[in-house]
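The values are calculated or read from the model by the stated rules, or taken from the named source; none is laboratory data. As the structure is a prediction and not an experimental result, all values here were calculated from the model. As a convention, Cβ positions derive from the backbone with ideal geometry for all residues, glycine included, and neighbour counts pool all protein chains shown.
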Amino acid sequence: MDGFGHGFMFFDWTYVLVLIGIGICAWASSRVKSTFNKYSKVRSTSGLTGVETATIILQANGIYDVTVAHVQGNLNDHYDPRTKTINLSDATYGSTSVAAVGVAAHEVGHAIQHHRSYTPLVLRTGLVPVARFGSFVAWPLILLGFFIDHESAFFLIQLGIVMFSTALLFQIVTLPVEFNASSRAMEALVSNNILRGDEVRMSRKVLSAAALTYVASTAATALQLLRIVLIALARRR
């Protein structure tokens, strides 16, 4: 084993890349929570709740086969394309705040994407099993490649990097899906007269903060991949 043995694997400068990724994600998470909490205190003038908002936008888009459900928790709102269900959390479902209304509309944005076969969403859905498998086998292959002394070691590391890359690809494809859902949400909130004036700006801030979490996660994964590649190249030398 060369200089990239056990000691270097666990005590090297490339950990800075991991720490940067963790810092970015922590900052993004903190920002979305603080932004949501700030505007969850501002009641929309329409007085519509999250579930009412979702229902109105669905019907306005001619979508009648999607169910709006209540799930426990906060900021775990999501659209499930398998069951065609918009799941709204405690902080969103029955709330009339501009934050809750924005989040509800965003999830409807995903339902609209599904209904209209939005290409990036179709691609992301197809990548789900690939990314899951890649994430599952990547680290075992990489670690095995680092710790065995055999001519096939570098091939295992390369294969692990390719598998890890599928997770990054999935996250990259997710970005336009999320941004587009927010864009559809803001358009629907205005066209259906659900939010007015300054409320639109407030809701947009909530969705923008939420989008940053996806950007941060993608950046963190890219930095992790870069670290693996750097270590692999150094070991190869």
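When you go through (1) among the small types (G, A, S); (2) over 30 Å from I142 (Cα atoms); (3) modelled with pLDDT of 95 or more one by one for G73, which number turns out not to apply?
G73 satisfies every listed condition except (3).
R204: modelled with pLDDT of 95 or more, within 22 Å of the chain's Cα centre (by Cα) and of a type in the set (D, E, K, R), yes or no? First the steps, then the outcome.
On the way: modelled with pLDDT of 95 or more: yes; within 22 Å of the chain's Cα centre (by Cα): yes; of a type in the set (D, E, K, R): yes.
Here the answer is yes, as R204 does meet what is asked.
Considering (1) of a type in the set (F, W, Y); (2) crowded, with 16+ Cβ neighbours inside 10 Å; (3) in contact with a Leu (Cβ under 8 Å, 6 or more places away or on another chain), say which one Y79 fails and leave the rest.
Of the numbered conditions (1) of a type in the set (F, W, Y); (2) crowded, with 16+ Cβ neighbours inside 10 Å; (3) in contact with a Leu (Cβ under 8 Å, 6 or more places away or on another chain), the odd one out for Y79 is (3).
I'd like to check something: does the range 188-196 contain any residue that is charged (D, E, K, R) and either assigned to a helix (DSSP H, G or I) or in contact with a His (Cβ under 9 Å, 6 or more places away or on another chain) (or both)?
Step one: of the range 188-196, the residues charged (D, E, K, R) are 196.
Still in the list and also either assigned to a helix (DSSP H, G or I) or in contact with a His (Cβ under 9 Å, 6 or more places away or on another chain) (or both): none.
No: the range 188-196 contains no residue that is charged (D, E, K, R) and either assigned to a helix (DSSP H, G or I) or in contact with a His (Cβ under 9 Å, 6 or more places away or on another chain) (or both).
Residues to consider are G145, G160; find the one that is within 22 Å of L127 (Cα to Cα), of a type in the set (G, A, S), in a helix (DSSP H, G or I) and out of contact with any His (no Cβ under 8 Å at 6 or more places or on another chain). Step through it out loud before you land on a result.
On the way: G145 fails: within 22 Å of L127 (Cα to Cα).
One residue alone meets the criteria, G160.
Return the residues of the range 194-231 that are touching a helix residue (DSSP H, G or I) at 6+ places or on another chain (Cβ under 7 Å), closer than 13 Å to G102 by Cβ and surrounded by fewer than 20 Cβ atoms within 10 Å (Cβ to Cβ); say none if nothing qualifies.
V200, R204, K205, A211
Looking at F36 and the list (1) within 21 Å of the chain's Cα centre (by Cα); (2) assigned to a loop (DSSP other than H, G, I, E, B); (3) under 12 Å from G102 (Cβ atoms); (4) not hydroxyl-bearing (S, T, Y), which single condition is not satisfied?
Result: F36 passes all but (2).
I need the full set of residues from the range 137-161 which are of a type in the set (A, V, I, L, M) and under 26 Å from the mean Cα position of the chain (by Cα), in order please. Break it down stepwise before answering.
Restricting attention to the range 137-161, the residues satisfying the condition of being of a type in the set (A, V, I, L, M) are 137-138, 141-144, 148, 153, 156-157, 159, 161.
Hits for the range 137-161 are V137, A138, L141, I142, L159, I161.
Hey, does the range 147-158 have a residue that's buried (at least 20 other Cβ atoms within 10 Å of the Cβ) and among the hydrophobic types (A, V, I, L, M, F, W, C)?
Within the range 147-158, the first condition is being buried (at least 20 other Cβ atoms within 10 Å of the Cβ), and the residues that meet it are 157.
Now restrict to residues that are among the hydrophobic types (A, V, I, L, M, F, W, C): 157.
So far as the range 147-158 goes, yes, one or more of its residues are buried (at least 20 other Cβ atoms within 10 Å of the Cβ) and among the hydrophobic types (A, V, I, L, M, F, W, C).
Among all residue pairs at least 6 apart or on different chains, which show Cβ distances below 7 Å where the first residue, located in the range 38-65, is over 17 Å from Y79 (Cβ atoms) and basic (K, R) and the second is modelled with pLDDT of 95 or more and not in a helix (DSSP H, G or I)?
Taking only residues 6 or more apart or on different chains, the pairs are K41/S97; R43/T96; R43/S97.
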